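I have placed the structure first, in the form of structure tokens, so that the comments after it can refer back to it.
The values are calculated or read from the model by the stated rules, or taken from the named source; none is laboratory data. The structure displayed is predicted, hence computed values, not measured ones. All Cβ positions, even for glycine, are placed from backbone atoms using ideal geometry, and neighbour counts span all protein chains on display.
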Amino acid sequence: MDIQEAEGDARRGLGDRRSPASSLDRSLERKRAEAALTAAPHVRDVRIEADATAESARAYLERDRLLGAYALADLDRESIDRARWWVARREAEIVALVIVVESLPFRPCFVTGEPVAVGQLLREAMQEPRIIVAAPLSTRGAVESVYRFERSDTMYRMVLDESSFEPNGSHPVVRLDTERLDDVIDLYGNASRAYFTPERLSRELYFGVYAGGSLVSAAGTHVRSAAAGIAAVGNVLTRFAYRGRGMATACTSAVTSVALERHRDVVLNVRRDNTPAIAVYRRLGYRVHASFVEGPAIRRTGWERLRENIFGRNT
């Protein structure tokens, strides 16, 4: 992944000649009306569950394991990133899920399921003020009923397995372990220091290309899960002066190769309009599995939701 409710309480008891009981009743009525207008549509016979087991959430995500790859890895007990999730059930069946990684400051979040149930989950369960959300295109409206995208991209989830992999070894690559942590941070920038910890480099699979003693290109896994048999490739980066030489392809190929030795499926994300990158990934054997929307989003205030319910989102 690329990286307050506003209430207008009326004044009370200032020049108001009505009885206190009457004023209170009118205030409650007004708040009930505002709540009804700003609430997401309620799904009949659907209940929100905050204590669903990882096993039940995993079983639901396995219905489309390739789209739910990141979430499946986040559910893994061995994951270094602490996640929290909620599900919406109709009777015993899960019909929607939202999961957020709470240990990362940018709060990556994945939602999936029946659109109205997704909206109900975001409205009633998760209360994060700001997230980076990934969601199937069919749920975008539900997401936007609760969160406002600061910007968004339509993404491809590309996937690959051992039978389709076409390795590319055009450049010598090296494994980037904890001894090369300073080189990794130098490549990705000082802001990445909180993300690239020794623990992360020990757990994930990173490979790079060196030139003149400097790390100039790298790629790795965002997440991976032995239990789910899946890994997600990302953080593909080459210094500007070294681009166009196939180094990123070699790094991605190396990461993919080792990931396939340990996991059944490998996935990655790419913007739908990034034609050159898509062509590179296709040559390695990746194919498009699904499209989704991704971007940073801010929780809408109560007044914003009220205004949009009355006047529409484009006013």
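Condition check ((1) acidic (D, E); (2) modelled with pLDDT under 95; (3) in contact with a strand residue (DSSP E or B) (Cβ under 6 Å, 6 or more places away or on another chain); (4) closer than 25 Å to R203 by Cα) across all residues:
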position	(1), (2), (3), (4)
R30	no, yes, no, no
V46	no, yes, yes, no
L61	no, no, no, yes
L67	no, no, yes, yes
D81	yes, yes, yes, yes
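Residues that are modelled with pLDDT under 95 and on the phi > 0 side of the Ramachandran plot within region 183-212 comprise just one, G212. Within region 88-116, the residues that satisfy the criterion of being within 17 Å of L61 (Cα to Cα) and acidic (D, E) are E93, E114.
Only one of the listed residues (A35, A52, A73, A21) is modelled with pLDDT of 85 or more, of a type in the set (A, V, I, L, M) and assigned to a helix (DSSP H, G or I). That residue is A73.
Taking region 76-96, which residues are outside any strand (DSSP E or B), at negative phi and not polar (S, T, N, Q)? Give the steps one after another, and end with the answer.
Step one: of region 76-96, the residues outside any strand (DSSP E or B) are 76-82, 91-92.
Pick out the ones that are also at negative phi and you get 76-82, 92.
Listed by number, the residues that qualify are D76, R77, E78, I80, D81, R82, A92.
Of the set (1) more than 20 Å from the chain's Cα centre (by Cα); (2) of a type in the set (A, V, I, L, M, F, W, C); (3) over 26 Å from Y286 (Cβ atoms), all apply to F207 but (3).
If I ask for residues that are aromatic (F, W, Y) and more than 21 Å from D74 (Cα to Cα), which ones from region 116-157 would you list? Answer for region 116-157, where residues must be aromatic (F, W, Y) and more than 21 Å from D74 (Cα to Cα): Y147, F149.
Taking strands (runs of 3 or more DSSP E) that fall entirely within region 97-209, which contain at least 1 residues that are within 30 Å of D45 (Cβ to Cβ)?
In region 97-209, 108-113, 130-136, 147-149 are the strands (runs of 3 or more DSSP E) which contain 1 or more residues that are within 30 Å of D45 (Cβ to Cβ).
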